[in-house]
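Single-structure report; data block below.
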Amino acid sequence: MSTERMEAFSDGVIAILITVMVLELPTPHGTTWAALHEALPVLLTYVLSFVYLGIYWNNHHHMLKATDRVNGLILWANLHLLFWLSLIPFTTAWMGENHFAAVPSAAYGIVLLASALAYYALQRAIVRDQGDGSLVALAVGRDLKGKLSPLLYAIGIALSFVADWLAVAVYAGVALMWLIPDRRLERTITHPPGGSAR
């Protein structure tokens, strides 16, 4: 079956998650810039989570553009990813409202770690179905960023019990690492090895 329905469903879920997060932002009590101070941790956590959801949406879109078809395993792997992404609004609110306390910060990192592993599982399900010569397999290559990210999340989770701001800095660092444009999938889709562009 084609990838269109899975992509449309995933796009809808991610859009809803972003909407849920913005609706949970507290309204400052007061009319001065100082009134924003109390809401700052929640606002900063929202920005970080918005960036993460944007990264997943962008990479998911490009991966599916390089995917010829989906099967049952790919559909379930995609739902597994969406499950973990759906927990981002919850952990975002918990961490932000508690000013980056240890357990909420660790929980946030656990959700990021599980999301990264779920994305990797989806990627592997696609490669398994379509072969090592598929566009996804060729574009991903050694996937150094994909392998480094879970390690950094684990470090962030451990750091949350030592210095919570360091944990958040690690999570933000991983997001920045993924914000740097990664053209592998775009390049492979536009100029496939030995084939015509889609």
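The values are calculated or read from the model by the stated rules, or taken from the named source; none is laboratory data. What you see is a predicted model; the values in this text were computed from it and never measured. Positions of Cβ are generated from backbone atoms using ideal geometry, with glycine treated the same way; all protein chains shown enter the neighbour counts. These accessible areas exclude ligands, DNA and RNA; they are computed on the full protein's heavy atoms, side chains included. Shrake-Rupley method; radii C 1.70, N 1.55, O 1.52, S 1.80 Å.
Answer yes or no as to whether D11 is farther than 19 Å from A175 by Cα and outside any helix (DSSP H, G or I).
Spelling it out, it is not the case that D11 is farther than 19 Å from A175 by Cα and outside any helix (DSSP H, G or I).
Consider S49 carefully, then state whether it is surrounded by fewer than 19 Cβ atoms within 10 Å (Cβ to Cβ), of a type in the set (G, A, S) and within 20 Å of Y171 (Cα to Cα).
no
Check off (1) modelled with pLDDT of 95 or more; (2) assigned to a helix (DSSP H, G or I); (3) open to solvent by 30 Å² or more (accessible area, probe 1.4 Å); (4) not β-branched (V, I, T) for W178 and give me the number that stays unchecked.
Condition (1) is where W178 drops out.
Just checking, how many residues over the range 9-49 are of a type in the set (A, V, I, L, M, F, W, C), modelled with pLDDT of 95 or more and farther than 16 Å from E97 by Cα?
7
Do the conditions hold for I88, that is, is it modelled with pLDDT of 95 or more, under 17 Å from R128 (Cβ atoms) and β-branched (V, I, T)?
When the stated conditions are applied, I88 does not pass them.
Regarding the range 105-124, can at least one residue be identified that is among the aromatic types (F, W, Y), at pLDDT 95 or above and over 21 Å from D11 (Cβ atoms)?
Yes: one or more hits.
Kindly state which helices (runs of 4 or more DSSP H) lie completely within the range 53-159 and contain at least 1 residues that are within 14 Å of the chain's Cα centre (by Cα) and crowded, with 20+ Cβ neighbours inside 10 Å.
72-86, 88-97, 102-130, 144-159
Counting only residues that are surrounded by fewer than 12 Cβ atoms within 10 Å (Cβ to Cβ) and either of a type outside the set (S, T, Y) or more than 27 Å from W57 (Cβ to Cβ) (or both), how many does the range 16-26 have?
The qualifying residues number 2.
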